[in-house]
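*Asks:* Can you keep this structure in mind? I'll have questions shortly.
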Amino acid sequence: MQNNQTKHVYSPPMVHVVDDDEAVLDSVGMLLDSIGLTNTCYKDAKVFLDAYSEAEFDKQNGCILLDIRMPFISGIECQHRLEEMGCRMPIIFVTGHGDVPTAVEAMKSGAVEFIQKPFREQVLIDSIQKALQANLKDQKQLEIIKTTQAKLASLTSRETQILEAVVSGKANKVIAIDLHLSQRTIEIHRAHVMEKMGVKSLAELVKVVIDASPTD
Amino acid sequence: MFTGSLMVSNIKALEKPIVYIVDGDHKLLDSLSKLLCLHDVIVEEFESAEDFLNTKLRTRAACLIVEVNLPNMDGIELLEHINSLGLRLPTIVLSSSSDVSEAVRAMQADAIDFIEKPFLVNTLIEKVLHVIEQA
Amino acid sequence: MPEPDKTILNQMLSYKAGNQETIEDANARLIALLDAAVDALIIIDGKGKIELFNSAAQKMFLYTSQEVLGKNIKLLMPTSFSVEHDKYLSSYLSSGEAKIIGKGRKVRGKKSNGEEFPIFLSVGEVKDSSHIQFVGIIRDISEQEQDKIEAQESRERLSHASRLSSMGELAAGIAHEMNQPLSAISSYAQASKRLLQSPTQNNEEKVVAALDKICDQAIRASDVINRLRTFVKKRVAQRESVALNGLILETVNLAKVDTRILDHEILLDLNYINKPKLLADPVQIQQVLLNLIRNGIDAMEHIKGAPLRIRSQWISDNMIEVSVIDCGHGMDAETSCGIFNPFFTTKESGMGMGLSVSQTIIHAHGGNIYFGPSQPNGCIFSFSLPAKIISQENIEK
């Protein structure tokens, strides 16, 4: 087990608002302030994308309110670029121009919600809460995967061989024959693997390994 | 698990795929059926969500096409219901009322696509064939 | 001027020597000519007294011969003309200068029931007679005038339909333009409500600021509507003095409703030193310019960031040219031929009337509309209009 784990500093979730209309940006900022949701406002997609690539927003819990119709880089275009950059923050589209094909495209590209202007604040609040919760869960999942992968990386190559064999259901005796080692050696390696992976049973080991493999 | 059995074995791949259509519009049901049959697809038609749910669903069904506006339970509720049963059935939602919030709901319920009526029938057929191929 | 036909005169002279019958024949022929004519034939003396009034004239003006013979020709003219007529007569008689003789003119006549109607009048002088006489031939052109008016109304209706069509195509954009201020108003209001739940001074100040902004946004929304309303209103074309630069700026604002414009910069190259002033119908000119702008954007649809240029320049002392320059793919020969034809379109939506109507409008204003390729690619669409330089005293700093 590693001692220098990352300390979890609590920072409030951040709502990133991107809209090229001055009045809309200002009013949504004011609304979010009045609700107590910390927010940052960006006057177009370029400014947001630049800021995103410099800081690393997705270490913090957050979500993005994105307009669709913006000059030069549209909302959908921005969504694609964020995906390319590996951004996992949930996107809520908020648009004054909603037609079904645009909404469907936005959702297909992974948006969590698509709200039409003008909207009732409850609709916005609910979507933001849902998005933030989902994001938190997602971040925790990622954290687990990262930790598990780190643990897997700490195994020696022999230990890795044995892990794969164990997880595929082979008995120690069979593994010993396959690898030309004594059963006793296998048992020792197996115990090391269990310890390094931080599990107590075969079932747990299998689960941890499966959870850590990429799903998308 | 249902999904498990959908991972077809080679033998099953030789059988014709099944597409379910749930829509009250007879003419549409008719024309879609005929066109899909030409592509060697078996089509089963239903006029309501209830009719559909009361039927035993076949494991090798490849696709579901459902209209939002149905007599009782609407198309999206049906899709949500199917999801809650743990079934994964690729679904294309059709709608005679073009409503953005409806489209969003359908996509949030994991629909593959949402198409407003009237639409070009060929486009829909292409999409269905694409879905079948992917299975 | 062609020589007057002296056949009848010669005949009459040669027979004058004594043949009563031939004089009767000549008379009979004259009467036949006068009665057969579809046009009104009237003869007056030097003072304007009516001496002859053929049957066509009687039918046209609804008077019998007896009712008008001996009366002044002014009787058959609307007041505005009749006042002038005496002057015309006396001026001709003194100066010999023909204002109307041999030329023909469109004027108005007045029937016995007071009804005024448009007529075409040609006047000749009776030469070699016992006293000064003038002959007038009058054609009733009411029907032609009516046809002209109807054609004009038809063009107006088409122009209007074309404007409505443009607006219809922009409907989604219009919805968006309205939704933005409405959304801001809604958010400011809801935020204010929350802030008032904890009424600190800071919060109250924020609410006041928000309320001001709500008012601004309401005006913004109504501006969008007003701009559109003026554009789509059904109206009779009216010529007025229009500052071209301002009109171009307004049109660019109107065009912004079309969202595709967001992907392109609009560069203006206008004449700010010798500012052009038009005598034109502003809505119609706006219609033409909007059409060209939208066509330019269409041409560059898939080329993001490409600028659309709008340029105005004097091509002569009194003609200004406005050009819309795109950097699209240009036009092929086939499209170039048909482009001004009604219903010709290369687009999926739209009636295809835009350029046809634009051409009608520009021609009606005394200008020309034309196009050509731009370098290195794209098209220049231009129209020219008669214009004056806005006078020095009106130039702002």
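*Asks:* Report the residue count in region C:31-51 for those that are assigned to a strand (DSSP E or B) and in contact (Cβ under 8 Å) with a residue 60 or more places away in the chain. Walk me through how you get there before you give the answer.
*Replies:* Here is the first cut: in region C:31-51, the residues assigned to a strand (DSSP E or B) are C:40-45, C:49-51.
Adding the requirement that they be in contact (Cβ under 8 Å) with a residue 60 or more places away in the chain leaves C:40-45, C:51.
Going through region C:31-51 one residue at a time, the tally reaches 7.
*Asks:* For region A:91-127, which positions are within 10 Å of chain B (Cβ to nearest Cβ), part of a helix (DSSP H, G or I) and of a type outside the set (A, V, I, L, M)?
*Replies:* Result: A:101, A:102, A:105, A:108.
*Asks:* Ok, one more. Somewhere in region C:182-197, is a residue in a helix (DSSP H, G or I), more than 20 Å from residue A:33 (Cβ to Cβ) and either modelled with pLDDT of 95 or more or in the same structural domain as residue C:164 (by TED's automatic domain parsing) (or both)?
*Replies:* Looking through region C:182-197, at least one residue is in a helix (DSSP H, G or I), more than 20 Å from residue A:33 (Cβ to Cβ) and either modelled with pLDDT of 95 or more or in the same structural domain as residue C:164 (by TED's automatic domain parsing) (or both).
*Asks:* Tell me yes or no: at least one residue of region C:212-220 is surrounded by fewer than 18 Cβ atoms within 10 Å (Cβ to Cβ) and more than 14 Å from every other protein chain (Cβ to nearest Cβ).
*Replies:* No.
*Asks:* Can residue C:161 be described as modelled with pLDDT under 90, closer than 30 Å to residue C:345 by Cα and within 14 Å of chain A (Cβ to nearest Cβ)?
*Replies:* On the way: modelled with pLDDT under 90: yes; closer than 30 Å to residue C:345 by Cα: yes; within 14 Å of chain A (Cβ to nearest Cβ): no.
No, not satisfied.
*Asks:* Can you say whether residue C:334 is within 24 Å of residue C:232 (Cβ to Cβ), at pLDDT below 80 and out of contact with any helix residue (DSSP H, G or I) (no Cβ under 8 Å at 6 or more places or on another chain), as far as the supplied structure shows? If you could, list the steps in order and put the result at the bottom.
*Replies:* On the way: within 24 Å of residue C:232 (Cβ to Cβ): no; at pLDDT below 80: yes; out of contact with any helix residue (DSSP H, G or I) (no Cβ under 8 Å at 6 or more places or on another chain): yes.
No: the conditions fail for residue C:334.
*Asks:* Considering only region B:40-52, state which residues are touching a strand residue (DSSP E or B) at 6+ places or on another chain (Cβ under 9 Å), part of a helix (DSSP H, G or I) and not aromatic (Phe, Trp, Tyr). Working first, answer last.
*Replies:* Kept after step one, since they are touching a strand residue (DSSP E or B) at 6+ places or on another chain (Cβ under 9 Å), are these residues of region B:40-52: B:41-49, B:51-52.
Filter once more, so that each one left must be part of a helix (DSSP H, G or I): B:49, B:51-52.
The answer is B:49, B:51.
*Asks:* Restricting attention to region A:87-135, which residues are of a type in the set (S, T, N, Q) and under 27 Å from residue C:258 (Cα atoms)?
*Replies:* Result: A:95, A:102, A:109, A:116.
*Asks:* Please determine, by comparing only the residues of region C:343-397 that are over 22 Å from residue C:333 (Cα atoms) and among the β-branched types (Val, Ile, Thr), which one is modelled with the lowest pLDDT.
*Replies:* Ranking the qualifying residues of region C:343-397, first place goes to C:395.
*Asks:* Looking at (1) closer than 23 Å to residue B:76 by Cβ; (2) within 14 Å of the chain's Cα centre (by Cα), which is the one condition that is false for residue B:41?
*Replies:* (1)
*Asks:* Has region B:16-39 got at least one residue that is outside any loop (DSSP other than H, G, I, E, B) and over 20 Å from residue B:121 (Cβ atoms)? Step through it out loud before you land on a result.
*Replies:* So the first thing to find is which residues in region B:16-39 are outside any loop (DSSP other than H, G, I, E, B), and the list is B:18-22, B:26-38.
Pick out the ones that are also over 20 Å from residue B:121 (Cβ atoms) and you get none.
The answer is no; no qualifying residue exists.
*Asks:* Checking residue B:65 against (1) among the β-branched types (Val, Ile, Thr); (2) within 11 Å of chain A (Cβ to nearest Cβ); (3) buried (at least 23 other Cβ atoms within 10 Å of the Cβ), only one condition comes out false. Which one?
*Replies:* Every condition holds for residue B:65 apart from (2).
*Asks:* While we're looking at this one, here's another question. Take region B:102-126 and flag every residue that is surrounded by 14 or more Cβ atoms within 10 Å (Cβ to Cβ) and in a helix (DSSP H, G or I).
*Replies:* Answer for region B:102-126, where residues must be surrounded by 14 or more Cβ atoms within 10 Å (Cβ to Cβ) and in a helix (DSSP H, G or I): B:102, B:103, B:104, B:105, B:106, B:107, B:108, B:124, B:125.
*Asks:* Still on this structure, please answer the following. Please indicate, with yes or no, whether at least one residue in region C:208-222 is under 30 Å from residue C:325 (Cβ atoms) and either in a helix (DSSP H, G or I) or within 28 Å of the chain's Cα centre (by Cα) (or both). Spell out the reasoning first.
*Replies:* Within region C:208-222, the subset under 30 Å from residue C:325 (Cβ atoms) is none.
No.
*Asks:* Now for a separate question. Please list, ordered by residue number, the strands (runs of 3 or more DSSP E) wholly in region C:243-335 having 2 or more residues that are surrounded by 21 or more Cβ atoms within 10 Å (Cβ to Cβ) and in contact (Cβ under 8 Å) with a residue 40 or more places away in the chain. Step through it out loud before you land on a result.
*Replies:* Working: elements: C:266-269, C:276-280, C:308-316, C:319-325.
Filter on region C:243-335 gives C:276-280, C:308-316, C:319-325.
*Asks:* From the list A:78, A:87, which one is away from chain B (no Cβ under 14 Å), farther than 25 Å from residue A:11 by Cα and not small (Gly, Ala, Ser)? First the steps, then the outcome.
*Replies:* Numbers: A:87 fails: farther than 25 Å from residue A:11 by Cα.
After ruling out the rest, the residue left standing is A:78.
*Asks:* Filter region A:63-90 down to the residues that are among the small types (Gly, Ala, Ser) and not in a helix (DSSP H, G or I), then identify the one that is surrounded by the fewest Cβ atoms within 10 Å (Cβ to Cβ). Explain how you work it out, then say what you get.
*Replies:* As a first pass, look at region A:63-90 and keep what is among the small types (Gly, Ala, Ser): A:74-75, A:86.
Next, from what is left, pick out any that are not in a helix (DSSP H, G or I): A:74, A:86.
Numbers: A:74: 20, A:86: 7.
Result: A:86.
*Asks:* Okay, next question. Among the residues of region C:137-144, is any away from chain A (no Cβ under 11 Å), outside any helix (DSSP H, G or I) and not β-branched (Val, Ile, Thr)?
*Replies:* If we filter region C:137-144 for residues that are away from chain A (no Cβ under 11 Å), which is where we start, we get C:137-144.
Those left that are additionally outside any helix (DSSP H, G or I): C:137-141.
Subset that is not β-branched (Val, Ile, Thr): C:139-140.
Yes; the residues of region C:137-144 include at least one that is away from chain A (no Cβ under 11 Å), outside any helix (DSSP H, G or I) and not β-branched (Val, Ile, Thr).
*Asks:* Out of C:305, C:328, I need the residue that is in contact with a Gly (Cβ under 7 Å, 6 or more places away or on another chain) and farther than 19 Å from residue C:250 by Cα. Which one? Spell out how you get there, then give the answer.
*Replies:* On the way: C:305 fails: in contact with a Gly (Cβ under 7 Å, 6 or more places away or on another chain).
After ruling out the rest, the residue left standing is C:328.
*Asks:* For the structure I just gave you, tell me whether residue C:249 is away from every other protein chain (no Cβ under 14 Å), at pLDDT 90 or above, farther than 19 Å from residue C:369 by Cα and under 26 Å from the mean Cα position of the chain (by Cα).
*Replies:* On the way: away from every other protein chain (no Cβ under 14 Å): yes; at pLDDT 90 or above: yes; farther than 19 Å from residue C:369 by Cα: yes; under 26 Å from the mean Cα position of the chain (by Cα): yes.
Taking the combined requirement at face value, the residue satisfies it.
*Asks:* Given the condition within 25 Å of residue A:95 (Cα to Cα), more than 12 Å from chain A (Cβ to nearest Cβ) and free of Cβ contacts under 8 Å to residues at least 40 places away in the same chain, answer yes or no: does some residue in region C:194-205 qualify?
*Replies:* No: region C:194-205 contains no residue that is within 25 Å of residue A:95 (Cα to Cα), more than 12 Å from chain A (Cβ to nearest Cβ) and free of Cβ contacts under 8 Å to residues at least 40 places away in the same chain.
The values are calculated or read from the model by the stated rules, or taken from the named source; none is laboratory data. This is a predicted model, so every value here is computed, not measured. No Cβ is skipped: glycine too gets one built from the backbone with ideal geometry, and neighbour counts run over all protein chains shown.
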